[in-house]
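> Before I ask anything, here is the structure I am working with.
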Amino acid sequence: MANEATAAESLAKAEELRARTAGAGWWFSWYLVALGVVSAAELTLIETVFAEGFARSLVIGAWSVCLMLGSWWAAQRTVVPIKATACTMVAFVAWFGAYLVMVGPLVRWQFGTEVLPWAIAALGLSIPFFVAAVVVRMLR
């Protein structure tokens, strides 16, 4: 009888710890959404407003600094959801690959440096980040 009570208490405690750990990882989905929004803004800026010259390099540098600071901040968290790193890497590969191979050349060819088409394309390219955010939230 004592073993049954101990086993039930252990299961209850394990479930409580699992719930607390999953709750502590809530921030990662919003981190992925922020990556998508910042990346969309960066693409729109470098393809429209700063399409040429040194300012383009400055925008890319600022975006890189934002990514490094965001990654550093994420690494400081005590809880990272399961498969979070894999979801982030898949999102970045999909985003960058689609930009280089398909969307970037197509939008540049059709619309040049018009802001609205680039903004729509950049948000479309950021969909992998939003999907990764949903997947990470579902895996919690």
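Each reported figure results from applying straightforward, stated rules to the coordinates on display, with no laboratory input. Given the structure is predicted, the values throughout are model-derived calculations rather than measurements. Please note: Cβ atoms are built from the backbone with ideal geometry, for glycine as well, and neighbour counts cover all protein chains shown.
> Quick one: check the C-alpha center-to-center distance for segment 17-82 versus segment 95-126, whole angstrom.
Distance between centres, Cα-based: 19 Å.
> If you don't mind, there's one more thing I want to ask. Based on alpha-carbon atoms only, what is the radius of gyration of the chain relative to the globular estimate 2.2 N^0.38 Å?
Ratio of Rg to 2.2 N^0.38 Å for the chain: 1.42.
> Taking the Cα centre of segment 26-139 as the origin, how large is its charge dipole in debye, to the nearest 20, when only Lys and Arg (+1) and Asp and Glu (-1) carry charge on their Cβ atoms?
380
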